[in-house]
1. Round to the nearest 0.05 the FRET efficiency obtained for Leu161 and Ile118 when R0 = 22 Å and r is the Cβ-Cβ distance.
2. In degrees from 0 to 90, rounded to the nearest 10, what is the angle of the helix 406-429 Cα long axis to the longest principal axis of the chain?
3. What are the ³J(HN,Hα) couplings of the stretch 12-26, residue after residue, when phi is run through the Karplus curve with 6.51, -1.76, 1.60 and θ = phi - 60°? Round to Hz, x for glycine and proline.
4. Pull out the extension gain between Gln350 and Glu102, defined as 0.36 nm times the separation in residues minus the alpha carbon to alpha carbon distance; nm, one decimal.
5. With a cut-off of at most 15 other beta carbons within 10 Å, and DSSP calling the residue loop, which trypsin sites (Lys or Arg not before Pro) in the stretch 1-108 qualify? Please list them.
6. Would you please classify the overall shape of the chain from the alpha carbon gyration tensor, given that a ≥ b ≥ c denote the square roots of the eigenvalues, rounded means a/c under 1.5, and beyond that prolate means a/b larger than b/c while oblate covers the rest?
7. Could you please rank Leu231, Leu372, placing first whichever residue has the fewest other Cβ atoms within 10 Å of its Cβ?
8. Looking only at Leu322, Leu190, Leu213, which one moves most when the chain is put into a Gaussian network model with springs between Cα atoms under 10 Å?
Amino acid sequence: MFKTIRNAWTIPDLRRKILFTIMIVIFFRIGSVIPVPFIDMTALTELMKNNGVTNGDSALAYLNTLSGGAFSNATIFAMGVTPYINSSIIMQLLTVAIPALERMSKEGEAGRKKIATITRYVTVGLGLIQGFAYWWYLKASGVTAYNDGFGLWYSAIIIILAFTAGTAIMMWFGEQINEKGIGNGISILLFAGIVARFPFTIYTLGRYWNLALSGDTRYFILVPFWVIIFLVVVWVITFMQDSERRIPIQYAKRVVGRKMYGGQSSHLPIKVALGGVLPIIFASSILSIPSTIEAFGVKANGGFWGTFLEMMRPTGWLYMVLYFILIIMFGYFYTTIQYNPIEMANNLKQNNGTIPGIRPGAPTADFIRKILSRITLIGCLFLGFIAEFPLIYGAVADMSGLSMGGTSIIIVVGVALETAKQMESQMMMRHYKGFLD
């Protein structure tokens, strides 16, 4: 990857795109430290610390990690790219469920532009809703100023609009990177936000190492072991991201005029990690509801609800069990709505393609469905293991506050590999041969 970046830097056009992308990321990080008005920063810091947002013990810590720490500081980019991601997921689901959107998606470039426009409006709407929810959380916690009379409404409107404007600016940043930068705009911003929390992870590891030097000798083993686990997880994710099951395809020969077409062999690639990180995002969103309700002021000390909320914390056993199950369920759900074995079998049949040993039509669809089911199970088990292992290790080793969890590592590694591939493809379009040397 580093060699690809070095070779891309030697091409003036790509160098300009890289510099433009870096400039947008710098603007994003500057906005991530500018707080919205009417916030008591001292009270906000104490609130985020007590609710486990900054040390990774709360469901809201996940949103804080994705925003690069902007959420815990109530800055203009506090919502991060989460509204856009949620909007894109919603539009993907609605495209399958609503025939009008499905027809629009098949209209080529014009249809995709219409769906992109709708996605922008949905993003702003979600940003407005999340901005209101975050303001309510801050107000209920006594962090905001002017909480009476006209001052209440004025400060509320300013804060909510600032959060919503930050969401729109983040979306615009992503589109600018797509148009004038190296591409993968939203993913690059998500990558930058997660990587920005890496120094905090190093600081946390240093804190545990100081505990070891102070006499708690177990951390002499636990801290280096965490680093080894981190490196192994990165290698496993890199390996799984490129893993695929190749179904052999044989195309029949056909004569068109005086020319003969077909007759060659090919394959149908099916990636192991079909849904990417989306099943984890779905599962995290569902399981964050109890912790979010608790964070917004609903407290239950003792009793059934108190015990339930305690078990539904990210370090609770019930949370971990449901997390693993939901990842598998949403993995199958996403694969079902994205891949239609019947349509794939029909496309092969129309192009005179067959799978050796499998008859065209329904038998081919059944065969592809069986392969998809097996591959999806392997991919979901992989995602579940990567997502769960840091949580389990943190709970067993009593090492909280390590923001680089399994989900974050998957996103960082996936975006880095995808960006490197995109730069390679852009160099190939310019007939540059040196990057393969």
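1. 0.50
2. 40
3. x, 5, 5, 4, 5, 5, 5, 5, 5, 5, 4, 5, 5, 5, 5
4. Residue separation times 0.36 nm, minus the Cα-Cα distance, leaves 87.1 nm.
5. Working: sites: Lys3, Arg6, Arg15, Arg16, Lys17, Arg29, Lys49, Arg103, Lys106; in loops: Lys106.
Of the trypsin sites (Lys or Arg not before Pro), the ones in loops of the stretch 1-108 whose Cβ has at most 15 other Cβ atoms within 10 Å are Lys106.
6. It comes out prolate by the Cα gyration axes.
7. Fewest-to-most ranking of Leu231, Leu372: Leu231, Leu372.
8. Leu213
Bear in mind that the values in this text are calculations on the coordinates, not laboratory data. It should be emphasised that the depicted structure is a prediction, and the values quoted were computed from it without experimental measurement. When we count neighbours, we look across all protein chains shown, and the Cβ atoms used for this are built from the backbone with ideal geometry, even at glycine.
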